[in-house]
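Encoded as structure tokens, the structure appears first; notes follow it.
The values are calculated or read from the model by the stated rules, or taken from the named source; none is laboratory data. Because the structure is a prediction, the values reported are computed rather than measured. Note that each Cβ is placed from the backbone with ideal geometry, even for glycine, and that neighbours are counted across all protein chains shown. Side chains are part of the model used for accessible areas, which takes the heavy atoms of the whole protein and leaves out ligands, DNA and RNA. Shrake-Rupley method; radii C 1.70, N 1.55, O 1.52, S 1.80 Å.
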Amino acid sequence: MKMHHPTLLAAATLLLATQAACGASDAPPAPVDVLIRGGTVYNGDDLTPTVADVGVAGDRIVFVGQAPGGLTAGRVIEAAGMVVAPGFIDAHTHADGDLLSEVAEKRLNLPFVTQGVTTAVIGNDGYGSHDIAGQAERLRVHPPGTNVAMFVGFGPVRQSQLGNENKAPDAAQTAAMQALVARAMCEGAIGFSTGLYYTPQNFSTTEEVIAVARAAAAHGGLYDSHIRDEQTATGLPAAVAEALRVGREAGMPVHIAHVKALGADAKGKSAQIIALVEAAQAAGQKVTADQYPWLASSTRLSAALIPPWANAGGRAALLARLDDPAVQARLRADIAENLRLRYGAEAILIAAGNPRYVGRTLAQIAQAAQVDAVDAVLLVLREGDNLIANFNQSDDDVRAFMAKPWVGTSSDSSAGHPRAVGSFAQKYAEYVVRQRHISLGQFVRSSTAFTADALGIAERGRLKAGHFADIVVFDPARFAARATYTAPTVLSTGVVLTMVNGQAVVENDVPRRVAAGRALLRAPRAGLCPAPTAAAAVKMSLALDGVAHNHAQCGGGSVALAQGSFAPVVQAGPLAHLLVTQR
């Protein structure tokens, strides 16, 4: 791909889009900062592409189609033969630590932008902080490499009242949890996330989850869940049914995180899960899911193999139980059963953590120590917890979920697993190119417009005039993941351009180390949240002035998408932007 680099124009506008909308023809077209010319354009909605140009001015797309005659551009990117698509939206990451890091290099989120991801969702599996305003301010002061949307997590909310204890909340504690969730929604969370598989969230009843979720539902939020059980024959469908019940009774859309059929007993259950979801959809319920394109899952060793009762109270309590003769028989039996469900010690690789064990399977550790598999688990855990990669899914189940139009792409990124650096590239290379299981258009839609709609992220996920200029250009012959389970940090290849809010952050596989991302704050429903302080109101007013300028309409200059139920929320400060509720 050939690139031209004249000096960028300093004052780009959206006049060109306005002229097109109003039918102006006499005035010369307004210049653009970047013209992406002659690419194979997938707009996020249509499954078939067009050969077209894309014009970008400032942080917005100003046209998609044939560039008008006489157009001047600060930079022209020749994209013939390349795929041009909306920037990918990762619905489920664990990039919280990097995006909110004190270290600028980590905040650039290079594993994501180098595969075309322009928006990362954090707070998944119920781990998200309820201090959304604090996180947003941190992202404003220390901009990230990608945009960031945030869930409020059930884990910290529950721990604020009950710690890690296995007990039910009283009425006052439930009200306190609801208040924390409501405040987080007012501060811009996109919804309420749970990880009912994880301690202490798995100590909650369905009724408790519904009660807390209603606080998010009142603000139009989404219910996102790592369901309670993904690995037993009866537990998996029951856990999906529980998530659907939460959505129905709380009154909110449901999003099933990293949908899968995990392990020996759940193998082949994808058809049953699909039937449950589609029956709920047919009954009028809004249900979506995301999925990573790998056959190995990843979690903490303690979460995978230690039963919830033994994890209660945290690590100190667990270590005490490991030495308690009264519970040894029960503990060993439960660990052995979990090993069986996950295809045994040979299928569990220590992916990150203790250097003594990283890169070895539990079977190898057991053999070296001359102990059985259960004792190998206890040996490793006594020294510390570790992340594992567990080879526990069938490709038939992965393919079945992937083909559904209500399943989007995610990474569920975790250290030591190649999904952290290559999930979008892997899905394309494996399931579009090698297996030809889905089309390129399906891949793009499931990674862009679908996810934007499922999560309520407005003006992103589509190549459309007026939308934010989050764009990926990739070489269809080279786009692929290079990371493996033994080399999990090798970055993907084949990305010609990743653009975040109109700024090039990757060019020809090389990160430019530009922090162009923003916090994407969801709009709360009118009348449900405290009024902003005077200082915040001034900042918001200034931000809205800028938004109104960028959205000038013919005959009045009204702010598009700020009408009726579409109430905008704009982050204060120089990175102001819109995220508009679509519930």
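Here are the numbers for this structure:
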read-out: Projected label distance in nm at A176 and N508, using a 7 Å step from Cα toward the beta-carbon; value: 5.8 nm
read-out: Entries of K267/K427; K167/K269; K106/K167 with Cα pairs more than 28 Å apart; value: K167/K269; K106/K167
read-out: Computed E for A282/A526 - FRET, C-beta separation, R0 45 angstrom, nearest 0.05; value: 0.90
read-out: Relative contact order computed over the chain (Cα-Cα under 8 Å; 6+ residues apart), in percent; value: 18 percent
read-out: Among [x] 1.28; [y] 0.98; [z] 2.02, the entry derived from the coordinates for Cα Rg over 2.2 N^0.38 Å; value: [y]
read-out: Kirkwood hydrodynamic radius over Cα pairs of the range 151-248, then Stokes diffusion coefficient at 10 °C and 1.306 mPa s, in µm²/s; value: 119 µm²/s
read-out: Label-zone membership for the range 250-269, site D396, 7 angstrom Cα→C-beta point, backbone N under 15 Å; value: 261-269
read-out: R315, R436, R158, R482, ranked by accessible area, largest first (probe 1.4 Å); value: R436, R482, R315, R158
read-out: Rg and Dmax [Cα atoms of the range 99-225; Å; Rg one decimal, Dmax integer]; value: 15.2, 48
read-out: Carbon/sulfur fraction of accessible area - the chain, other protein chains in place, 1.4 Å, %; value: 56 percent
read-out: At R0 = 51 Å, FRET efficiency that the Cβ-Cβ distance of L322 and E105 yields, to 0.05; value: 0.85
read-out: Two-decimal Rg/Rh across the range 108-157, once Rg and the Kirkwood Rh are taken from alpha-carbon atoms; value: 1.01
read-out: Heavy-atom SASA rank of T498, T48 (probe 1.4 Å, accessible area, largest first); value: T48, T498
read-out: Residue-normalised accessible area of the chain, expressed per residue, 1.4 Å probe, Å²; value: 36 Å²
read-out: By accessible area with a 1.4 Å probe, ligands and nucleic acids excluded, highest first: order of E187, E278; value: E278, E187
read-out: Area of D59 that stays accessible when all protein chains are in place (1.4 Å probe, Å², to 10); value: 30 Å²
read-out: Scattering profile of the range 389-431 at q = 0.23, 0.33 Å⁻¹ [log10 I(q)/I(0), Debye over alpha-carbon scatterers]; value: -0.95, -1.25
read-out: Label-reachable residues, the range 53-94, where backbone N falls under 17 Å from a point 7 Å from V433's Cα toward its Cβ; value: 81-85
read-out: Span-rule helices in the chain, defined as complete DSSP H runs reaching 15 Å or more along the axis (Cα) with Kyte mean at least 0.5; value: 171-186, 206-217, 270-282, 373-383, 534-550
read-out: Volume per residue that the Cα convex hull of the range 208-341 spans, once the total is divided by residue count, Å³; value: 125 Å³
read-out: Shape metrics for the range 61-165, restricted to C-alpha atoms - Rg then Dmax, Å; value: 18.6, 68
read-out: Whole-number D in µm² s⁻¹ for the range 319-462, Kirkwood Cα-pair radius fed into Stokes-Einstein, 4 °C, 1.567 mPa s; value: 72 µm²/s
read-out: Ordering of 422-433, 362-373, 234-245, 207-218 by packing [mean C-beta count within 10 Å, highest first]; value: 422-433, 207-218, 234-245, 362-373
read-out: Only Lys, Arg (+1) and Asp, Glu (-1) charged, at Cβ; the range 282-415 dipole about Cα centre in debye; value: 180 debye
read-out: Nearby aspartates and glutamates by direct alpha-carbon distance to K464 (threshold 14 angstrom, same-chain neighbours under 8 apart not counted); value: D45, D46, D53, D59
